[in-house]
Structure formats: C-alpha cells, structure tokens
Amino acid sequence: KQTRSQFPKGFYWGGAIAANQAEGAYLEDGKQPSTADIKSRGFFGGLRRDADYYPTHKAIDFYHRYKEDLKLFQEANFNIFRTSINWTRIYPTGEEDNPNEAGLKYYEDLFKEAQKNGITMMITISHYETPLALIDKYGGWDNRKFLNFYLKFVKTIVTRYKGLVKFWLTFNEIGNASVVPICWDAAGIDPNSDNLQQRMYQAAHHQFVASSLATKMIHEIDPNAKVGAMIAYKTVYPYTCKVEDVKAAEASKRKEYFFSDVQARGYYPSYIWRYFEENNIHVKMETGDEEIIRQHTVDFLTFSYYRSRVVSADYEEPAEKTSDSLEGLVNPHLPKTDWGWTIDPDGLRLALNELYDRYQLPLFVVENGLGAKDKVEEDGLINDDYRIDYLAGHIKAMREAVADGVDLKGYTMWGPIDIVSNGTGQMSKRYGIIYVDLDDNGNGTGDRVKKKSFEWYRRVIESNGDIL
Ligand code: BG6
C-alpha cells in the first residue's frame, strides 16, 4: 500500500545531459558550430575564437558511444533520459530551408535505442547551443528573427520524433540570460553590451513567445507529448531578519520567478512593470504576443536545483561578480562543494513546496547533482560516498515534499555520466555515477567505469526511492 512519504508508482527516475556537453563530433555529418563550441573554458571563460582548446569539440564522444551509455543507463534502471537536440546538427547555420538528414537520423536512432531499452525521452529543445552563424549574423535573441528560426527547428524535430519523445522542454533554464548575465550562451547576449538589461528582457520576451508557439505546435503535432518550462531555481534566504534583507531577498526571488510566472500563468506578473520602469527597460511586444502567451502555457514545470542562495540588502548583483560564486553571500551554516556551491537538500524541499504552491502544476526535478573531483584507486574503484550522500539527501528531501502533497513526477540527476562542465569547461568537475577517463585537456581513453554510486542509484531506483 502506498504511504504518504513514498514516491508515486510510475515515478520517473533517470539522468540528464546536454548534447553539447557530451556528444563531441562537433563538425561531423554536416554539423556546424554552435555557441557552445566557442566556449574554451565554459561560460566563465567567455566567448572566444582564438583558444587552442575547446572541450565540447570532442567531449565524451557520446555521439559515437551512445549505445554503450544507454545500456549502462538501462542497467541502472533508468526509465527516463533527458538530453537536448544540438540545433546545428539539424539546421547547421539555422537558416537552411531544409534540415540536415544525417543529423535527424542520428537522433532518431538514439531515441529508438532508448525506447528499446525501456527509457522514455525528455528533450530540451534549446540547451545553450544556438547556431553560431545566427548569432554572428543577427546578434542575440533580442532580435525577433530568432523566433522563426527556432520555430522552424521545433516543427522539424517534433514532426520527425512524434511518438519517440514524451516530454519537451522549450528552453533550458530560461531566464538565466537575464538573471545571470555572464551566462551569455543562454540567449546569445554579450554580457558587455550597452543596454544589457534592455537586451536581455527583450530576448526573454521573444523566448516566451517562441515557447508558447512551440507549445501550441507540439500539442497539435503530437497530442500525446507534454511541454514543460525549465528554470534554474536557487532557494533564496535573507542574510538576516533585518527587513531590508528580507525585502532584498524577495526582490531577488521575483527576478527568478518572473520567467515561470509568465510561462505557467500566461501573463507578465504585475510586479515586473515597476522593475522595468525603474531600470529603464522597454520590452517591445507585437500585437498578438500577449494573447499567444496567455493561450499556450506549459503543461508542467521543471527546474534545476543544485544549491541555495543568500541575499542581503548590501549584496551586489551576481552580474557584477566575476568569481565562480553566482549565489550571492556565503551561507555560514551550510557545507560547500569543491566549487563553492552550497549543499542544501532542505532547500530542495522548500523549492518544491514553493513552486507547487505558486503554480499547482506537476513538477519535475530535471537537474541536481554534485560536481566533485573523483579519485580512481589503485584497484580501479571510485568510491564516491560524497556523491551518494549528496544525492541521498536530495532524494530524501523530495520524499518529504511528496509527503507535503507536492505533485512530483520525476527526477533526472545531472550528468549521470561525467561530461564537460558548462560553467568551467572542466571534465574534472564530475557529476556522474559513471566515470569517463578524460582529463581537462581531453587526454585519456574515454573509457566508462561504474563508480560506487552506480550500484547505489540502481538500487534506489529499484526500490522506487525507498532504500537510500
Ligand atoms: C545547469 C546547466 O545550469 O547547470 C547545465 O543546465 C550545467 O548545462 C549544470 O552543466 C551544472 O553546471 P556546471 O557548470 O557544473 O556544468
């Protein structure tokens, strides 16, 4: 008998990656470069054309090795796998009239292979991998032209993969461009632009309209598929109980909620207009945009959760920070990862409750995990107990949220197999339960090795989250 604190039957368990961080083969079978392919050291390293090394060009060669990797996922009992479709495999420059058949075929084979292994596909349509040719020619998403390029791409893939993909996410971490400007790869907006905020919120508006039109299109083409929003969520705490700090924390939260508010509720929330006015932001909307956004909201909401943030009234915007810490102030009460990210499982329970209270939509945790350095012992074993602790803590927190009444559908841990870090370009920032023998310069055999956490996660899934 099902008890309150058990995950529902049919819960989705698995893992998530992004095409550009795993596939490699960056110019193979007609593909052209995307924004991800000019990140030499992750987005912190900026957009660079003159670097001697780009980790996404080879990545972990998932492009050629996916069968082996899907087998491992199946062995770990995954019933869901989330990845993205590399836009430039399908439309190499974004502007072609006809899609690239080799690219289409690749994903068809991949999805069929997943199906064969009993794995449901969740696809991020755009995961920081916009055609570079489009960015070079038209700037970023603040240019409305992107809307049609994106919709052409969506139509092609949804038509081709009808019945093979159950969950579509329109944009990875929508809003990161606006909230974390250094994350230029999200909407192609150079963080050094004049009128940065103006450009970013204009880009966001175009992505909202694009997302709603994509939702409409997907529902029409494949009525069995569901469409979700995907936001980056960091639970926010005020630094003290000083009212100024609480107000600052609330304001900071709203900056993040803005994106899911629009996508889940179907309209710009009232609070944003004041923010726009005070920051001299004028979002240009075309006739019909508001109607489109209102009519085509998402079916469910997904988010990434790695850590919480601390905000105070004296705190500077993350945009002005250059360090690896995007989370604001240090929380003295919580442990941190090797990369300074707070470890806060209770923050995930709070996140799930807040999001469910706010939207009453089914939720999915589609990214969560620990980036850590792993050591291969002399006997070849990788004893990543720290990763087991991290994941167990967060799964326990999800179980609490389920007991609180949250409608949680699934969990895809980030990077079940080690991949290139988005932020830093490192291989040594490892999330996987499967180790990949490659270093930060791409040296190594690329061989896959199960870590201790592999067997642990396999059993967690087998017990539907009962045994942690
Ligand atoms: C999320 C992104 O923000 O965080 C992923 O959607 C990314 O692409 C993940 O990999 C973890 O960040 P990082 O910098 O450790 O790879």
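The values are calculated or read from the model by the stated rules, or taken from the named source; none is laboratory data. Quick caveat, the model's predicted, so the values are computed rather than measured. Cβ sites come from the backbone with ideal geometry, for glycine too, and all protein chains shown count toward neighbours.
Some observations on this one:
- Flag for VAL376 being over 17 Å from the mean Cα position of the chain (by Cα) and within 14 Å of PHE11 (Cβ to Cβ): no
- The single condition among (1) in contact with a Pro (Cβ under 8 Å, 6 or more places away or on another chain); (2) crowded, with 22+ Cβ neighbours inside 10 Å; (3) of a type outside the set (Gly, Ala, Ser) that TRP168 does not meet is (1).
- Count - residues of the stretch 390-417 that are among the small types (Gly, Ala, Ser) and not in a helix (DSSP H, G or I): 3
- Residue in the stretch 9-25 that is surrounded by the fewest Cβ atoms within 10 Å (Cβ to Cβ), counting only those that are away from the ligand (no atom under 16 Å from the Cβ) and either aliphatic (A, V, I, L, M) or within 24 Å of the chain's Cα centre (by Cα) (or both): GLY10
- Test for TYR66: is it over 19 Å from GLY423 (Cα atoms), in contact with a Leu (Cβ under 6 Å, 6 or more places away or on another chain) and of a type outside the set (Gly, Ala, Ser): yes
- Qualifying residue in the stretch 406-425 (condition: among the basic types (Lys, Arg) and more than 23 Å from the chain's Cα centre (by Cα)): no
- Check on GLY446, in contact with a helix residue (DSSP H, G or I) (Cβ under 9 Å, 6 or more places away or on another chain), more than 19 Å from ASP61 (Cβ to Cβ), assigned to a loop (DSSP other than H, G, I, E, B) and away from the ligand (no atom under 16 Å from the Cβ): no
- All conditions but one from (1) in a helix (DSSP H, G or I); (2) touching a strand residue (DSSP E or B) at 6+ places or on another chain (Cβ under 7 Å) apply to ILE174; the one that does not is (1).
- Checked against (1) surrounded by fewer than 18 Cβ atoms within 10 Å (Cβ to Cβ); (2) without any contact (Cβ under 8 Å) to a residue 24 or more places away in the chain; (3) within 16 Å of the ligand (Cβ to nearest atom), ASP440 passes all but a single condition, namely (2).
- Contacts under 6 angstrom Cβ, first residue in the stretch 321-346 being modelled with pLDDT of 90 or more, partner of a type in the set (Asp, Glu), 6 or more apart: LEU334/ASP344
- The condition of being at pLDDT 95 or above, small (Gly, Ala, Ser), in contact with a strand residue (DSSP E or B) (Cβ under 7 Å, 6 or more places away or on another chain) and assigned to a loop (DSSP other than H, G, I, E, B) holds for GLY369.
- Residues within the stretch 73-102 that are surrounded by fewer than 19 Cβ atoms within 10 Å (Cβ to Cβ) and either in contact (Cβ under 8 Å) with a residue 60 or more places away in the chain or touching a His at 6+ places or on another chain (Cβ under 6 Å) (or both), tallied: 5
- Scope the stretch 80-108; condition closer than 14 Å to GLU28 by Cβ and among the basic types (Lys, Arg); matching residues: ARG89, LYS105
- Test: residue in the stretch 207-220 that is charged (D, E, K, R) and not in a helix (DSSP H, G or I): no
- Within the stretch 420-430, considering residues that are assigned to a loop (DSSP other than H, G, I, E, B) and more than 7 Å from the ligand (Cβ to nearest atom), the one farthest from TRP456 (Cα to Cα): GLY425
- Scanning the stretch 24-50 for residues that are assigned to a loop (DSSP other than H, G, I, E, B), touching a strand residue (DSSP E or B) at 6+ places or on another chain (Cβ under 9 Å) and at pLDDT 90 or above yields TYR26, GLN32, PRO33.
- Matching entry among ASP384, ASP404, ASP379 (being more than 14 Å from the ligand (Cβ to nearest atom) and touching an Asp or Glu at 6+ places or on another chain (Cβ under 8 Å)): ASP384
- Of all the numbered requirements in (1) assigned to a helix (DSSP H, G or I); (2) touching a residue at least 12 places away in the same chain (Cβ under 8 Å); (3) more than 18 Å from ASN353 (Cα to Cα), VAL246 misses one, and that requirement is (2).
- Close Cβ contacts (under 7 Å, 6 or more residues apart or on different chains) running from residues in the stretch 155-182 that are free of Cβ contacts under 8 Å to residues at least 60 places away in the same chain to residues that are of a type in the set (A, V, I, L, M, F, W, C) and within 11 Å of the ligand (Cβ to nearest atom) comprise PHE171/MET230; ASN176/CYS183; ASN176/ALA186; ASN176/ALA232; ALA177/CYS183; ALA177/ALA186.
- Within the stretch 125-141, considering residues that are within 21 Å of the chain's Cα centre (by Cα) and not hydroxyl-bearing (Ser, Thr, Tyr), the one farthest from ILE189 (Cα to Cα): ILE125
- Selection within the stretch 234-272 - out of contact with any Leu (no Cβ under 7 Å at 6 or more places or on another chain) and within 16 Å of the ligand (Cβ to nearest atom): LYS234, GLU256, PHE259
- Scope the stretch 20-43; condition in contact with a Phe, Trp or Tyr (Cβ under 8 Å, 6 or more places away or on another chain) and small (Gly, Ala, Ser); matching residues: ALA22, GLY24, ALA25, SER34, ALA36, SER40
- In summary, ILE182 fulfils each of the numbered conditions (1) within 16 Å of the ligand (Cβ to nearest atom); (2) crowded, with 24+ Cβ neighbours inside 10 Å; (3) among the aliphatic types (A, V, I, L, M); (4) not in a strand (DSSP E or B) with the single exception of condition (2).
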